[in-house]
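Since the structure comes first, as structure tokens, the remarks are kept for the end.
No value in this document is a laboratory result; all are computed from the given coordinates. Because the structure is a prediction, the values reported are computed rather than measured. Because the Cβ atoms are built from the backbone with ideal geometry, glycine has one as well, and the counts that use them run over all protein chains shown.
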């Protein structure tokens, strides 16, 4: 009799369990970000490593401190640690430049974890993406101190040089093609920018890993990047020379792969997601053209706030449901 | 009718603080709290207008017809705002510059119209003047605190004096204004909730203690007062015994008859 009791489990639904947990997905995202982080350290030196490490540590610590204040036990916090604050910290560290003061990432990581995530109810309850918002917080807070983006120590392959400070986007949107070749833009050599966003190759490798592990749907970033590039081309009078530079410069790739695809801040349905990423692409390219600045993070933040609207109006059709047709001739 | 100044003061400063509790006059609150000094200037200007308009509206409350009361109130308020503007422009041109558009906009400030509508048009002159003073001071205090918070974090200064060379520009921007406002409202609510909870606990304890005493000792005190169950049983037993005795007594009486 005792054996039979062991075979049966009594539990409320759901009864089907899947090995994919939040923790596993978040660890996958961390792994996918490692190539970008390594390339950032190679390009920008040990200061980049310091910034990334500080950012991750302060993100994890601020989550733990918040939970301790809320009266959770330490062993419970460690047991339920789901690595999402790790991802937030890593992304935060990758989206600052090496000339940012070291304390800026601490403020940014603490802001993104505590204010954006924990105050709204923790992992999966946040309204906007914590990493994007933290990045904007740091950008707004310390950009005036920092001033300009600095170029990596590895020079460009084609020999062209960008003077430190003038972002590629700024020049591009004002109508001059960059002096760097598309290969330089792709590899990030000689390209000033954030630690993690310069080497597109590493980011795409991470994106492919995520797609293979089925963490993200590869269609969505492709739609986003494609629409943003094509709309930039259209705004420049259908000059297709602008397509690759506008796609490969700035934070579009890292935003498309790692920030815009956050589960909590995208619509629920497939159709909703397609519409969402198309609108996001149009918004990014349009705002870039209007402001002559890199606005990927601002566009993602703005669209995150509209996700509830997408979920309200684009809902999946229940199986077997038919829309009530109009009666011809009217009801008389 | 006696004026309860203490209650008016408590209402204006804390329990219905215009900025932190009623969330009125948010436009100047968000725009002018970049510096603590701006907060004080704006707050005192509003306080002056509030006192004067409350007094005049209270004086005229029986004359103003009900249907046109809002235009009448606005006219009175606008008069005093004009006085404040001209006076500030003469006496403190720098503050006048930094308050800018928000000074004439006091005319349509919700706080002043709300106090005129809900208090001054129903109460006497002295009560209305007190209400204007304390509501205005509540507004000034909230604005000054928020201004100091944003000035220290946003530019590393307090009242224009440089404290250190560190600043988080976010708190100086308009997004930071909304964030600071939310933080202050949350902190204020948390504080007032904690105070209310403590008060309730004290009241409950007092009431509970009184009840215990009445439960225990109103009846004849039982022999052992160790635990409540014992007490009640003891009381019950005593009552039963009394009943029994009474019935016994009756019986004996009838028997005697």
* **Cα shape, segment A:33-162, gyration tensor, a/c 1.5 rule** => prolate
* **Protection proxy ranking of A:80-89, B:77-86, B:178-187 - average other beta-carbon atoms within 10 Å, highest first** => A:80-89, B:77-86, B:178-187
* Structure fact -> Fewest-first ordering of A:298, A:319, B:119 by Cβ atoms within 10 Å yields A:319, A:298, B:119
* Contact order normalised by residue count of chain A, Cα under 8 Å, 6+ apart, percent -> 18 percent
* **Inter-chain Cβ neighbour average for residues A:201-212, partner chain, 10 Å** => 0
* To do: Using only atoms on other chains, find how many Cβ atoms lie within 10 Å of each Cβ of peptide B:167-179 and report the average.
  => 4
* Asked: Where the Cα atoms of segment A:22-313 are projected onto their three principal axes, how long is each span, largest first, in whole Å?
  -> 58, 47, 35
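If you build the convex hull over the alpha carbons only and average its shadow over all orientations, what do you get for segment A:197-332? Give it in nm² to one decimal.
Working: hull surface 48.3 nm².
For segment A:197-332, averaging the hull's shadow over all directions gives 12.1 nm².
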* Of every Cα-Cα pair in segment B:1-123, the percent that sits beyond 20 Å -> 45 percent
* To do: Could you order peptides B:126-133, B:190-197, A:210-217 by the average number of other Cβ atoms within 10 Å of their residues, highest first?
  => B:126-133, A:210-217, B:190-197
* To do: Go ahead and set up a Gaussian network model of chain A, Cα springs under 10 Å, then flag whichever of A:110, A:53, A:36 fluctuates most.
  => A:53
* Per-peptide average of other Cβ atoms within 10 Å, ordering B:62-74, B:164-176, B:19-31, B:137-149 highest first -> B:137-149, B:19-31, B:164-176, B:62-74
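Only helical DSSP H runs with n ≥ 4 go in: add -39500 (n - 2.57) per run for chain A, normalise by residue count and round the 222 nm mean residue ellipticity to 500 deg cm²/dmol. Write out the running numbers ahead of the final one.
Values: 14 runs with 184 residues, N = 332.
So the helix-based figure for chain A works out to -17500 deg cm²/dmol.
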* Can you give the average number of partner chain beta-carbon atoms within 10 Å of each beta-carbon in peptide A:127-139, as a whole number? -> 1
* Between the alpha-carbon centers of segment A:31-53 and segment A:224-295, tell me the distance in whole angstrom. => 25 Å
* Structure fact -> Highest GNM mean-square fluctuation among A:49, A:91, A:252, for chain A with Cα springs under 10 Å, belongs to A:49
* Rank A:50, A:301, A:185 by mean-square fluctuation in a GNM of chain A with C-alpha springs under 10 angstrom and give only the top-ranked residue. => A:50
* Asked: Alpha carbon centre of segment B:87-121 versus segment B:125-189: separation in Å?
  -> 17 Å
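How would segment A:29-94 be classified by its alpha-carbon gyration tensor: rounded, prolate or oblate, with rounded meaning a/c under 1.5 and the a/b versus b/c comparison settling the rest?
Values: a/c = 3.81, a/b = 2.28, b/c = 1.67.
Since a/c reaches 1.5 and a/b is larger than b/c, the shape of segment A:29-94 is classed as prolate.
Can you tell me the equivalent ellipsoid semi-axes for segment B:120-193? Use √(5λ) from the Cα gyration tensor, largest first, whole Å. The partial results should precede the final answer.
On the way: eigenvalues 205, 46, 19 Å².
So the three semi-axes of segment B:120-193 are 32, 15, 10 Å.
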